[in-house]
1. Size of the dipole of region 252-367 about the Cα centre, Lys and Arg at +1 and Asp and Glu at -1 on the beta carbon, nothing else charged, in debye to 20?
2. So, by mean Cβ neighbours within 10 angstrom, what's the order for 53-61, 314-322 with the highest one leading?
3. About the Cα centre, and with charges only on the beta carbon of Lys, Arg (+1) and Asp, Glu (-1), how big is the dipole of region 180-235? Nearest 20 debye, please.
4. Kindly identify region 180-235 as rounded, prolate or oblate by the Cα gyration tensor criterion: order the square roots of the eigenvalues as a ≥ b ≥ c, call it rounded if a/c is under 1.5, otherwise compare a/b with b/c, prolate if a/b is larger, else oblate.
5. Among the lysines, which have Cα under 25 Å from the Cα of residue 286 when same-chain residues fewer than 8 positions away are ignored?
6. Which residue, 68, 337, 168, has the most motion in a Gaussian network model of the chain that connects Cα atoms within less than 10 Å?
7. I need to check one value: relative contact order of the chain, counting alpha carbon pairs closer than 8 Å and at least 6 residues apart, in percent.
8. Can you give me the Cα centroid spacing of region 96-127 and region 170-249 in angstrom?
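Just so it is clear, none of the values below were taken in a lab; they were calculated from the coordinates. Bear in mind that the values here come from a model prediction, so they are computed numbers and not experimental data. Backbone-built Cβ (ideal geometry, glycine too); neighbour counts: all protein chains shown.
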Amino acid sequence: MVDVEDEEAAGLRKIIHVDMDAFFASVEQRDNPDLRGKPIAVGGAGGRGVVAAASYEARRFGVRSAMPSVTAKRLCPDLIFVRHRFDAYKEASRQIRTIFHKHTPHVEPLSLDEAYLDVTDDLLGIGSATRIAELIRQDIRETTGLTASAGVSYNKFLAKLASDQNKPDGICVIRPGQGARFVASLPVRRFHGVGPKGAEKMARLGIETGADLATKDIAFLRENFGSFADYLYRAARGIDLRPVRAHRIRKSVGGERTFSEDISSGPALRETLGNIIDIVWESIEKTEARGRTVTLKMKYTDFQQVTRARSVPQWVSGKAEFSEISHGLLEELLPLPMPIRLMGLTLSNLEGAEKKDEPRDDAQLSLLL
C-alpha cells in the first residue's frame with residue numbers, strides 16, 4: 001500500500017479556497033440599499049418556489065438554500081423574496097475571477113461564487129499564500145463591494161474546510177502538520193460528500209468526529225462504505241492528493257431528493273418533480289451549463305432504481321423545455337408499481353464534455369434530505 005502521508009508530504013502545495021459570502025443575496029443587498037440588514041431570500045415566493053440563496057440575516061432564522069419558500073416564510077415571517085438576476089451575478093463573478101488570475105493561472109471554479117487557487121508559484125512572487133488570500137479578499141471588496149471568506153492550506157480538502165470556518169468575511173489557515181489535528185475536532189457532517197443519511201450511518205457505527213473516523217482501519221471502512229472508504233480514510237487524516245484543475249470538464253448537473261416518507265400518488269410525484277426542477281435549474285444557470293440529455297432517476301422503497309432519459313438534437317433551450325422533458329419522463333413511468341423513496345434529475349451531455357479527456361466531478365445537489 002502507498003503511504004499517502006509520505007506521498008503528500010513530498011509534494012506540498014499552497015492552496016486557497018475562496019467562497020463568496022451569501023453571494024446571490026449579497027449582490028441584491030449591494031444593489032438595493034433598502035435590503036441591507038434585512039432577511040432576504042433569492043427565489044420564488046409562490047407555493048412551489050424554492051430558496052436559491054439566503055442572506056445571513058435570514059440564515060439566523062434557519063432559512064437555507066434548497067428550502068421550499070413556504071417553509072422559509074414560516075421560519076422567518078419578515079423574509080423578503082427577491083427574484084434572481086443571473087446577469088448581475090455573472091458580472092460579479094467575472095470581476096472576481098479576473099482578480100484570481102492576477103495571482104495564478106491555476107484557478108478551478110466550482111461555481112459562480114467559489115473556486116480553488118494553487119498559488120505554489122504565484123505570478124506576483126509574493127510567496128505567502130496567506131498574504132495572497134488577504135490581498136484577494138481586499139481586492140474583491142474594493143472592486144465589487146462584496147465580501148469573501150478564504151481557506152488556506154496545503155490541499156484542497158483542508159482549504160475548503162477552512163474557508164467555512166470563520167464565515168462570513170473571514171480567513172482560516174491550516175499549516176503543514178496541522179491538518180489531522182484540525183480534522184479530528186470536526187463532526188463528520190462537515191466532510192464534503194457526507195450527507196445526513198451518511199452521518200446517521202456513521203453515528204450508528206460510533207463515528208461522529210474526524211477523530212472517531214481516524215480510529216477505523218481501511219478494511220472496516222471498505223466493508224461499511226464501499227468505494228467511499230478510501231476518501232474517508234484520507235479525509236480523516238487531512239490528506240488530499242487532488243491537484244487544482246484549471247480546465248476541468250463538467251459531465252453533468254443535477255440533484256436528487258430523498259423523502260422522509262415514501263410517495264406514490266401522481267399529484268405528489270408531479271409536485272415533487274416541480275420542486276426539483278426549480279432547484280436543479282437554478283444550479284444549471286449558476287454553472288452556465290448547456291446540455292442535451294435529461295435523466296430522471298427514482299428509487300423504490302425496496303431500493304431498486306429506475307431511470308429514464310431523453311436527448312434532444314440541440315441544447316435544452318431553457319427551463320420550460322427542461323421542465324417539459326422532465327415531466328414527460330415521469331408520465332412514462334406512471335402509475336408506479338410501488339412507492340418511491342428518492343427522485344433525482346440530471347442534465348448531461350454537456351457542451352464541451354465530449355471534447356476533452358480530463359475528468360470533472362459532477363455538480364450534484366443533495367436536496368432536502
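1. Numbers: 14 positive and 19 negative charges, 31 e Å.
It works out to roughly 140 debye.
2. 53-61, 314-322
3. Working: 9 positive and 6 negative charges, 31 e Å.
Once rounded to the nearest 20, the dipole reads 140 debye.
4. On the way: a/c = 1.43, a/b = 1.15, b/c = 1.25.
The shape class here is rounded.
5. 38, 73, 90, 102, 156, 160, 167, 251, 297, 319, 355, 356
6. Greatest mean-square fluctuation among the candidates belongs to 337.
7. Numbers: 687 pairs, mean separation 59.6, N = 369.
Contact order relative to length: 16 percent.
8. A separation of 25 Å, based on Cα centres.
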